[in-house]
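Enquirer: Here it is: the structure, laid out below.
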Amino acid sequence: MLIIAGFRIFQFYHFRRLNELNKDFNTRAFFASVYATSITWGIGLAYFMLQPGESASHLVMVTSTAGLTAGGVVAFIPAWRVSVLYTVFMIGPAVITMTITGTHLPVVFLFLLYGLYLPIIASRGNREYWDALENEHLLKVKSEEIEKLSRIDGLTGLYNRKYFEEIFNQQWKTAARNVIPISIIIGDVDYFKTVNDTYGHQAGDAFLQEIARLLGNIMKRETDFIARYGGEEFVILLLNLDTEETLNLAEQIRSEMENLRFPFEGQHISATVSLGAASCIPGKQSQKEDFLKTADEALYRAKSMGRNHVIFSDKTVNPPDPETRN
C-alpha cells in the first residue's frame, strides 16, 4: 500500500508532465494504481476478518472499508465501470473467503447488500453527471452563439458597429503599445438608394451581401477587421500597414466594386463606392475619435468630388479613364 500510495502521490504532482510524454500510458497507469489499491485493501480485509480478535476491531475495519468504498465510488462516478470494479475489488475477496469459511456471515450479507447498492447509486450518479455536463456544454455553446450573434451583422455576416468600436479600441492600444501604424478605411456605396428603388430591397440586400464577400476576399490577413458601419457603409481596420499599402487596398476595393456586375433574377446590379482612409502611429496625445473623424472627413471629400474616389488624408486617387481601363 505504501508503494502504491507513493506512486499515486508522484503521479498527482507530475500528471501534466507525464501526460505530455505519453497520455495513454499515464491514464492506464492511473487506473491500474486505483485497481491495485482496491485489490490490496480487499485482500487485506479478507485476511483481517479471518483472524481471531475482538468484534470491535472487526467493526472498525468493516466501517473503514465501507467508507473507503463509498468514497471511491463517488470519485469515479464519471466512469461507472471503474466504480463497479472498485467496489468488487474492495469487498469481493472478504465476501468470498468469509462465505467459504462460514465466518461472520451477517457481515457477508451486509457486504452483499452494500455491493449491490453502490453500483446502483453509481449508475444514477453517472447519468446525472453526464447529463449535467452535457447541459453545461450546451449552455456554453448557446452562450457563445448568442455572443457571436451580438457581434455579427445579420444581413452581411460582417461584424457590426458595436463590435467595431470594441475592436477599434483594442487595436488602437495595440498600435500605440507596439509603435506600429494603424489604418482605417471607411467606404460608402454610391447611390445605393437607386439600387433599392430600381431593383427592390431584396436585390439591395443581396448586393450588400455580395459586397461583404468581395471585401472578405480582399482582406485576407487574420488581423484585418471588416464591419458594417451603417446601412451601406462599411469600415476596415488594418494593423501594421504603411500609407501606400493602405492606399493600394482602398483603390483595389474601389476598382473591384466598379467592375462588379452582380447577377440577380436575370439582371446585373452594379454600383461604385467612395472611400476615405487614414493612417497613423498613435502617440500619447492621439485620440482615436479624431483619427476616425479624419477618415470620415476623407470619405466626405470623396463624395463631394463626384464619388467613386479614394481620399487618403490629402491624397486623391481618381478612377482610371475608360480609355485606359482593361
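Enquirer: Extension gain R151-R16, at 0.36 nm per residue separation less the Cα-Cα distance, in nm?
Expert: 45.0 nm
Enquirer: Straight distance only, please: which lysines reach the Cα of K23 with their own Cα at less than 23 Å, same-chain residues fewer than 8 apart left out?
Expert: Output for K23: empty list, no partners.
Enquirer: Which residue, I218, I100, I43, tops the fluctuation ranking in a GNM of the chain built on C-alpha contacts under 10 Å?
Expert: For the chain, modelled as a Gaussian network with Cα springs under 10 Å, the answer is I100.
Enquirer: Nearest 20 debye, what's the magnitude of the dipole of segment 2-148 about its Cα centre given +1 on Lys and Arg Cβ and -1 on Asp and Glu Cβ?
Expert: Values: 11 positive and 10 negative charges, 56 e Å.
Computed charge dipole of segment 2-148: roughly 280 debye.
Enquirer: Could you work out how far apart the two model spin labels at R161 and R127 are, taking each label as a point 7 Å from the Cα in the direction of the beta carbon, and quote it in nm?
Expert: 5.3 nm
Enquirer: What are the lysines whose alpha-carbon lies under 25 Å from the alpha-carbon of K293, with same-chain residues fewer than 8 places away excluded?
Expert: Qualifying lysines at Cα under 25 Å: K162, K173, K193, K284, K303, K315.
Enquirer: Moving to a separate point now. Rounded to the nearest 0.05, what FRET efficiency do Q252 and H137 give with R0 = 35 Å and r taken as the Cβ-Cβ distance? Could you check? Mind showing how you got there, number by number?
Expert: On the way: r = 43 Å, r/R0 = 1.22.
With R0 = 35 Å, the Cβ-Cβ based efficiency is 0.25.
Enquirer: If r is the Cβ-Cβ distance from N259 to T194 and R0 is 22 Å, what FRET efficiency results, to the nearest 0.05? Write down the numbers at each step before the final one.
Expert: Numbers: r = 18 Å, r/R0 = 0.84.
E(calc), rounded to 0.05, equals 0.75.
Enquirer: So for H14, H309, H104, fewest C-beta neighbours within 10 Å to most, what's the order? Numbers along the way, then the final one.
Expert: On the way: H14 12, H309 24, H104 18.
Ascending Cβ contact count within 10 Å gives the list H14, H104, H309.
Enquirer: Can I ask one more? Note down the magnitude of the dipole of segment 191-291 about its Cα centre, charges +1 on Lys and Arg C-beta and -1 on Asp and Glu C-beta and zero elsewhere, to the nearest 20 debye. Before the final figure, lay out the partial values.
Expert: On the way: 9 positive and 16 negative charges, 27 e Å.
Result for segment 191-291 is approximately 140 debye, rounded to the nearest 20.
Enquirer: Right, another one. Once the dipole of the chain is set up with Lys and Arg at +1 and Asp and Glu at -1 on Cβ about the Cα centre, which of F30, H309, T99 lies farthest towards its positive end?
Expert: About the Cα centre, the residue reaching furthest to the positive side is T99.
Enquirer: So, R0 is 30 Å and r is the distance between the beta-carbons of T101 and V74; what FRET efficiency does that work out to, to 0.05?
Expert: Working: r = 31 Å, r/R0 = 1.05.
For T101 and V74, the calculated efficiency is 0.45.
Enquirer: Now, a different point. Of all the stretches in the chain, which is the longest one without any exposed loop site, taking trypsin sites (Lys or Arg not before Pro) in a DSSP loop (any state but H, G, I, E, B) with at most 15 other Cβ atoms within 10 Å? Working shown, then result.
Expert: Details: sites that count: K220, R221, R261, K284, R325.
Counting only loop sites that pass the neighbour cut-off, the longest clear stretch is 1-219.
Enquirer: Please compute the modelled spin-label separation between S57 and T40, points set 7 Å along Cα→Cβ, answer in nm with one decimal.
Expert: Label-label distance for T40 and S57, simple model: 2.2 nm.
Enquirer: Show which lysines lie in cross-link reach of K142 when reach means a straight Cα distance below 20 angstrom and same-chain residues fewer than eight apart are skipped.
Expert: Those lysines meeting the cut-off do not exist here.
Enquirer: Roughly how many Å is it from the Cα centre of segment 254-293 to that of segment 16-41, as a whole number?
Expert: 59 Å
Enquirer: If you don't mind, there's one more thing I want to ask. Contour minus end-to-end for Q287 and D205, with contour as 0.36 nm per residue of separation and end-to-end as the Cα-Cα distance? If you can, show how the numbers build up before the last one.
Expert: Values: separation 82, 0.36 × 82 = 29.52 nm, distance 3.45 nm.
Result: 26.1 nm gained on full extension.
Enquirer: With only alpha-carbon atoms in the gyration tensor, what are the semi-axes of the equivalent ellipsoid for the chain, in Å, largest first? It would help to have the intermediate numbers written out before the result.
Expert: Values: eigenvalues 1129, 105, 46 Å².
The three semi-axes for the chain are 75, 23, 15 Å.
Enquirer: Give me a comma-separated list of calculated 3J(HN,Hα) values for segment 195-212, in order, Karplus coefficients 6.51, -1.76, 1.60 applied at θ = phi - 60°, integers in Hz, x for any Gly or Pro.
Expert: Once rounded to whole Hz, the list reads 4, 5, 5, 7, 10, x, 5, 5, 5, x, 5, 5, 5, 5, 5, 5, 5, 4.
Enquirer: Bin all alpha-carbon pair distances of segment 2-148 at 5 Å intervals from 0 and give each bin's fraction as a whole percent.
Expert: Pairs per bin, as whole percents: 2, 9, 15, 16, 15, 14, 11, 7, 5, 3, 2, 1, 1, 0.
Enquirer: What nm value, rounded to one decimal, do you get for the distance between L50 and K173 when each label is placed 7 Å out toward the C-beta?
Expert: Placing both labels 7 Å along Cα→Cβ, they lie 7.0 nm apart.
Enquirer: List the residues, sorted by chain then number, that are 5 or more residues from S313 or on another chain and whose placed amide H is less than 5 Å from its amide H.
Expert: It is A277, by chain and number.
Read-outs throughout are calculated quantities, based only on the coordinates presented, and are distinct from any laboratory measurement. Since we're looking at a predicted model, the values are computed, not measured. So basically every Cβ, Gly included, is an ideal-geometry build from the backbone, and we count neighbours across all protein chains shown.
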